[in-house]
Amino acid sequence: MKLQQHECYRVAHLLNSYGIVNKLVHNQLKQQFYQRSPFTIFQKLRSFSSMAEKKENCEHAGLFSPNPSVRGMVDLDRNAFTKTIQVPVLKLRKEIVNKVMKTLKHRLLHRPQMKRIIDDPKDDNTKSVILDPYIVTSEDVFDERDRAFFKQIDISPQVRQVDLQLTYENFKTNEILEAVLPQGQSVTTGFSRVGHIAHMNLRDHQLPYKNLIGQVILDKNPGITTVVNKTNIIDSTYRNFQMEVLAGEDNMVAKVKENGFTYEFDFSKVYWNPRLGSEHDRITGFLQSGDVVFDVFAGVGPFAIPAAKKNCIVYANDLNPESYKWLIHNCKLNKVDKKVQAFNTDGREFIGTVVKEELPKYIKSFSTERKNRLHIVMNLPALALDFLDSFRHLLPEKPHTDDVLPTVHCYGFSKDDNPEKEVKDRAEEMLGTTLESCSIHLVRQVAPNKQMMCISFELPSEVLFGSRRNIEGEPVSKRPRIDEDESEEKETHV
């Protein structure tokens with residue numbers, strides 16, 4: 001019976017160490033082991049689960065919580081986090097420490113920047129291994145197999161208590177911030193990493209502690225040298241947002257790698273989302289050598305550059321002069337500058353000039369063999385769907401039955417309960433037709449009630465071809481300037 005108790009206890013601990021919620025420990029392990037040991041096993045499981053779930057309710061309450069005096073701290077004082085606690089240790093001979101560590105690995109104390117083996121001040125030939133006080137409360141936690149192992153290597157299972165000093169370095173980010181911020185308020189520890197930059201979105205109640213939060217993030221994340229906070233939503237013409245440096249150096253030029261490609265840009269002046277790497281790769285997966293890609297809102301090149309690397313012919317455009325500059329820079333950096341024609345103009349104008357002029361050439365040349373495809377990428381989820389009407393009767397000539405029509409990949413946000421239908425309805429409204437065949441892909445959930453979607457469809461011939469009426473009498477736009485060399489050197493400010 002004793003062996004079963006400890007086996008059950010060990011299973012519960014393993015599940016907890018891998019992040020399994022305590023409800024699962026109760027519902028499954030209790031059901032599995034309860035009948036074998038009606039009371040003692042479940043009692044130990046229950047005490048273990050409550051300990052893991054809410055440590056302050058047990059005798060070790062606040063053991064790994066910083067000193068209460070740090071509550072409300074605005075300027076980070078690392079020395080104020082120093083405290084002394086008692087922890088269990090197992091005394092071992094030096095020559096067997098590594099061997100025993102493998103057996104005890106699930107019972108060792110795991111804290112940031114903490115050594116789990118300490119010297120014995122009274123004996124140079126022995127070491128003490130620090131155990132987790134929430135797991136090792138006494139010698140009883142060692143089962144018969146453990147004791148047999150201890151006996152084999154001639155060590156005592158006796159657990160001793162020693163003083164251990166915890167410092168700022170030994171606390172986790174969430175433990176520090178939960179101790180500092182007012183009780184009951186949410187704590188932000190997550191951030192988006194863009195090269196050496198940690199980008200945070202702090203809430204209003206966290207702003208008084210913003211510099212402390214930034215410094216803690218800087219301290220606890222190797223490789224991060226700048227921490228910034230977004231100060232407003234993305235509502236400017238160029239999709240960039242204002243940022244405030246919370247900690248570290250004021251260096252906003254980032255270098256990132258995504259899907260094997262390198263991108264450099266000024267993060268404060270262009271749009272970059274590190275969560276879209278899989279989506280960039282998904283669209284690139286549709287492309288084959290010789291395909292033609294029109295990237296209407298190209299940014300710094302996360303669609304255009306991988307497409308060019310697959311030997312596609314790429315026309316890439318962005319309205320933001322900074323994005324245009326870094327697009328050209330990144331094309332050279334990834335050695336695809338000869339395969340990408342870059343443009344710096346409005347998306348609607350790009351469609352009405354470059355796409356209108358170049359598309360007919362490829363439609364005619366691709367129509368016979370049908371080996372290559374035409375793609376139009378529109379990655380501006382806040383507005384891209386509204387640009388679809390630019391394709392209405394864009395080309396005057398009637399299509400042939402074997403013409404290759406372009407496939408559009410258009411992105412949009414939706415807060416609707418049925419985002420697939422809502423995005424499709426909006427696309428059809430702007431195109432002025434029904435899409436008989438299309439695919440709609442959930443890219444990511446931006447917020448609890450906001451999804452980013454991608455709708456892909458072949459542009460219907462009745463939309464693309466026909467007589468276009470200029471109701472407002474606007475003049476036909478001129479072809480935008482192409483400057484692949486000089487634009488990289490010019491200085492622009494957004």
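The values are calculated or read from the model by the stated rules, or taken from the named source; none is laboratory data. Predicted model only: the values in this text are computed from it and were never measured. Neighbour counts are summed over all protein chains in view; Cβ atoms, including those assigned to glycine, are modelled from backbone coordinates with ideal geometry. Accessible surface areas use protein heavy atoms only, side chains included; no ligands, DNA or RNA. Shrake-Rupley method; radii C 1.70, N 1.55, O 1.52, S 1.80 Å.
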Sequence order, segment 253-268: Karplus ³J(HN,Hα) from phi using 6.51 cos²θ - 1.76 cosθ + 1.60, θ = phi - 60°, Hz rounded, Gly and Pro as x, gives 7, 9, 10, 10, 10, 9, 6, x, 10, 10, 10, 10, 5, 8, 4, 7
The computed P(r) of segment 318-455 puts the percent of Cα pairs beyond 22 Å at 49
Between Asp204 and Leu383, the FRET efficiency computed from the C-beta separation at R0 = 22 Å comes out, to the nearest 0.05, as 0.20
Computed over segment 50-197, the relative contact order (Cα-Cα under 8 Å, seq sep at least six) in percent reads 34
Which residues qualify? For Asn379, with a placed amide H closer than 5 Å and at least 5 residues away or on another chain, they are Val296, Phe297
Violations at 28 Å Cα threshold for listed pairs Lys269/Lys421; Lys325/Lys356; Lys310/Lys424; Lys325/Lys415 -> Lys269/Lys421; Lys310/Lys424; Lys325/Lys415
Kirkwood radius from Cα pairs of segment 290-363 plugged into Stokes-Einstein at 20 °C, 1.002 mPa s, gives D in µm²/s equal to 180
Long-range amide H partners of Asp120, meaning residues 5 or more apart or on another chain whose placed amide H is closer than 5 Å, are Thr126, Ser128
Placing +1 on each Lys and Arg Cβ and -1 on each Asp and Glu Cβ in segment 315-386, then taking the dipole about the Cα centre, the residue among His375, Gly347, Ser323 whose Cα reaches farthest towards the positive end is His375
So the compactness index of segment 68-171, its C-alpha Rg divided by 2.2 N^0.38 Å, takes the value 1.25
Percent antiparallel among DSSP beta bridges confined to segment 97-237, nearest 5, equals 65
Probe 1.4 Å, all chains present, heavy atoms only: Ile313 accessible area in Å², nearest 10, is 70
For segment 234-380 the mean separation of alpha carbon contacts under 8 Å (6+ apart) over residue count, i.e. relative contact order in percent, is 23
In whole Hz, the Karplus estimates of ³J(HN,Hα) for segment 410-421 (6.51, -1.76, 1.60; θ = phi - 60°; x where Gly or Pro) are 10, 9, x, 8, 9, 10, 7, 5, 10, x, 4, 5
Of all C-alpha pairs within segment 257-306, those more than 17 angstrom apart amount in percent to 34
Within segment 203-320, the percent of DSSP beta bridges that are antiparallel, given to the nearest 5, stands at 75
Compactness check, segment 124-183: C-alpha Rg relative to the 2.2 N^0.38 Å globular estimate gives 1.62
Any trypsin sites (Lys or Arg not before Pro) in segment 279-363 that lie in a DSSP loop and have at most 10 other Cβ atoms within 10 Å would be Lys338
For segment 54-165, the per residue accessible area (1.4 Å probe, Å²) is 60
Averaged per residue, the 1.4 Å probe accessible area of segment 200-342, protein heavy atoms only, in Å², is roughly 40
One would report the Cα pair-distance distribution of segment 101-253, bin width 5 Å, in %, as 1, 7, 14, 14, 12, 10, 8, 8, 8, 7, 5, 3, 1, 1, 0
Taking max minus min of the Cα coordinates of segment 220-340 on each principal axis, largest first, gives extents in Å of 47, 33, 23
